[in-house]
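Some notes on the structure that comes next.
No lab work stands behind these numbers, since they all come straight from the coordinates. Please read these numbers as outputs of a predicted model, since none were measured by experiment. Note that we place each Cβ from the backbone using ideal geometry, even for glycine, and neighbour counts take in every protein chain shown.
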Amino acid sequence: MNQTEMLKIVEQYSRNAEVVEGAIKVTRVPDSKTVYVETIGEAGRSIFFNEYKVDGKTYWAGYSTRSDTVFVSQSSRG
């Protein structure tokens, strides 16, 4: 997934909190997270987030190819 697609998903999420983008799921994680460990079964995988700015707010988001999920965290700094 490229940065443009990610920004579009984060924009949709921030404005609706509901994203319908094909088979991709969006999961909210705790605020100010920049890395998330996704566990499937007994295996864990680190998902590193990039920063996105939408409507004056800062979000961190990362994509897992393994589960086809975008993880989103809102920054506490605005």
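So here's what we get for this one:
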| read-out | value |
| --- | --- |
| Share antiparallel - DSSP beta bridges, the chain, percent rounded to 5 | 80 percent |
| Net +/- balance of residues flanking residue 40 in space, Cβ distance below 15 Å, scoring K and R +1, D and E -1 | 0 |
| Excluding exposed DSSP-loop trypsin sites (Lys or Arg not before Pro) (at most 12 other C-beta within 10 Å), longest clean stretch of the chain | 1-65 |
| Distance cut-off 21 Å, percentage of C-alpha pairs in the chain lying past it | 20 percent |
| Per-residue ³J(HN,Hα) for the stretch 25-36, Karplus 6.51 cos²θ - 1.76 cosθ + 1.60, θ = phi - 60°, Hz, x for Gly and Pro | 9, 10, 10, 7, 10, x, 4, 6, 7, 10, 9, 9 |
| For the chain, built as a Gaussian network whose Cα springs stay under 10 Å, the top-fluctuating residue of 55, 68, 31 | 55 |
